[in-house]
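Data block below; observations after.
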Amino acid sequence: MSEIDFDQELTRAALPQAVLAVLSHGESHGYAIAETLRQHGFTRIKGGTLYPLLKRLEDQGLVEHTWQHDQAGPGRKQFRLTEQGRQELERSAKAWRAMSQALTDIKTTR
């Protein structure tokens, strides 16, 4: 029986909420989102993970983007949280806290 990589599983579960949390502080492009996540402990995030997630969040109406055109280089997508995204961040944070409390209760109850 192989070991479960809990770090990977927890990262996968927390990443959508983390991206919404980053965007709750203001607009950002993908590379800046990834850098903020890395600074806060999400060390394994790659573009092949982040950009499909941003697309799914956009398809769900939680984020939206505009193109930012720069004179010095190619344009890039600038993402921002929608009102629905703010509501989902609040809901998912509450659910995460409830799960954390349930795990603590299980661990400390005999």
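Odds and ends about this structure:
- Among the protein heavy atoms of the chain, carbon and sulfur supply 53% of the accessible surface, probe 1.4 Å, non-protein parts ignored.
- Under the simplified labelling scheme, the residue 31-residue 110 pair shows an inter-label distance of 5.6 nm, with each label point 7 Å from Cα along Cα→Cβ.
- At a probe radius of 1.4 angstrom, the accessible area of the chain per residue rounds to 73 square angstrom.
- For the chain: span of alpha carbons on each principal axis (Å, largest first): 63, 33, 23
- Restricting attention to the chain, lysine pairs at least eight places apart or on different chains and with alpha-carbon atoms under 24 angstrom apart total 5.
- Relative contact order of the stretch 45-110, pairs being alpha-carbon contacts under 8 Å that are 6 or more residues apart, as %: 22 percent
- Each Cα pair under 8 Å and six or more residues apart adds its sequence gap; the mean of these over the residue count of the chain is a relative contact order of 27 percent.
- Of 66, 40, 95, farthest towards positive along the dipole that unit charges on Lys, Arg, Asp, Glu beta carbons give the chain: 95
- Backbone geometry of the stretch 53-62 corresponds, through the Karplus equation with coefficients 6.51, -1.76 and 1.60 at θ = phi - 60°, to 3J(HN,Hα) couplings of 5, 4, 5, 4, 4, 5, 4, 7, x, 8 Hz, x marking Gly and Pro.
- Cβ crowding within 10 Å averaged over residues, with 14-27, 58-71 ranked highest first: 14-27, 58-71
The values are calculated or read from the model by the stated rules, or taken from the named source; none is laboratory data. Keep in mind that this is a model prediction, so the values were computed, not measured. Cβ atoms come from the backbone with ideal geometry, glycine included; neighbour counts cover every protein chain shown. Side chains are part of the model used for accessible areas, which takes the heavy atoms of the whole protein and leaves out ligands, DNA and RNA. Shrake-Rupley method; radii C 1.70, N 1.55, O 1.52, S 1.80 Å.
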